[in-house]
Amino acid sequence: MNRWIDRNIKWLFPLPAVLFIALMMAFPITYTLWMSFTKWSMSAVQPPKFVALANYANMLGADARFWHAAGRTFYFTIAAVAAETVLGIALAMLLNRDFPGKNVVKTLFLLPMVATPVAIGMVWLLMFEPSIGFMNYAIGLFGIAPQRWLASEAGALPSLVLVDIWQWTPMIALIVLAGLVSLPSDPFEAAAVDGATPLQVFWRITLPMLRPTIIVAVILRSIDALKTFDIIYAMTQGGPNYATETLNLYGYTLGFGYFQMGAASTLLMIFFAIVMGVVVFLNRARKGVAA
């Protein structure tokens with residue numbers, strides 16, 4: 001017995017923690033899945049009623065609000081992550097150079113990520129305020145007419161994308177910077193000997209070698225962007241006229257606004273499948289690049 005324990009000690013020590021984490025993940029998912037097959041209102045005294053796939057059929061087939069929320073979720077994610085990736089790579093290239101105050105700048109880049117989301121939302125609400133906000137003052141310097149920002153159905157979601165870009169571009173920049181630091185120097189020395197221009201070095205050497213790191217950053221950021229809730233809820237609560245209601249906010253409204261826990265659980269399971277699908281797709285893309 002003692003010999004068996006000695007041989008498997010590396011598995012036995014982390015086993016309790018692994019079992020605890022697995023249980024804490026499995027129970028909420030399993031319970032939510034079961035609730036998605038029921039019709040239950042928290043405001044009623046009746047127990048949950050099993051309705052099989054009726055919730056899924058109704059949400060996917062007849063609930064236009066669900067599809068609109070899904071479209072906004074993907075719009076928010078794609079627009080934010082695309083801009084953050086381009087800006088993050090540019091910032092990483094800049095920070096990879098030596099200049100005075102480099103460490104101070106890198107520290108300042110962390111501030112948007114560590115700030116409280118609700119506090120960030122309150123600050124940006126003031127900046128987007130149509131009459132006294134900084135954003136209208138800033139664009140006014142270039143002769144652009146004042147905008148309604150969050151008060152406009154057309155401008156509310158792009159405004160939230162702008163906030164997300166400000167907050168999370170540093171994350172991608174730091175991940176890409178870590179990849180830049182770990183790149184071997186031999187290809188760059190050979191390119192310098194051959195007389196390659198900085199642009200050629202970036203496109204032909206730096207970017208291809210960084211591609212796996214960039215995809216990892218995109219995967220992490222995409223998962224987080226799909227699930228964004230706090231900033232949107234703090235700033236617009238899904239308005240105006242549902243213009244910024246994403247799947248997360250719609251699920252929250254169904255569960256804690258309308259008390260339709262069965263429908264809310266159905267939406268969350270669909271959303272869970274969407275997030276997992278995006279992760280699998282991006283992970284396969286990463287493996288394809290690595291191969």
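The values are calculated or read from the model by the stated rules, or taken from the named source; none is laboratory data. Since the structure is predicted, the reported quantities are computational estimates derived from the model, not experimental observations. Neighbour counts are summed over all protein chains in view; Cβ atoms, including those assigned to glycine, are modelled from backbone coordinates with ideal geometry.
Data for the structure
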| read-out | value |
| --- | --- |
| Total residues in the stretch 142-161, condition surrounded by fewer than 19 Cβ atoms within 10 Å (Cβ to Cβ) and closer than 30 Å to Ile219 by Cβ | 2 |
| Selection within the stretch 218-272 - among the polar types (S, T, N, Q) and under 27 Å from Ser41 (Cβ atoms) | Thr236, Gln237, Asn241, Thr244, Thr246, Asn248, Thr253, Gln260, Ser265, Thr266 |
| Residue match in the stretch 200-211 (condition: surrounded by 17 or more Cβ atoms within 10 Å (Cβ to Cβ), of a type in the set (A, V, I, L, M) and closer than 23 Å to Ile274 by Cα) | no |
| Residue ID - surrounded by the most Cβ atoms within 10 Å (Cβ to Cβ), chosen from residues in the stretch 266-291 that are over 15 Å from Lys227 (Cα atoms) and touching a residue at least 40 places away in the same chain (Cβ under 8 Å) | Thr266 |
| Verdict on Gly239 being of a type outside the set (Val, Ile, Thr) and either touching a residue at least 24 places away in the same chain (Cβ under 8 Å) or outside any helix (DSSP H, G or I) (or both) | yes |
| Residue check, Val86 at pLDDT 90 or above, exposed (fewer than 15 other Cβ atoms within 10 Å of the Cβ) and under 30 Å from Ser159 (Cβ atoms) | yes |
| Identity of the residue in the stretch 25-81, in contact with a Lys or Arg (Cβ under 6 Å, 6 or more places away or on another chain) and charged (D, E, K, R), that ends up surrounded by the most Cβ atoms within 10 Å (Cβ to Cβ) | Lys39 |
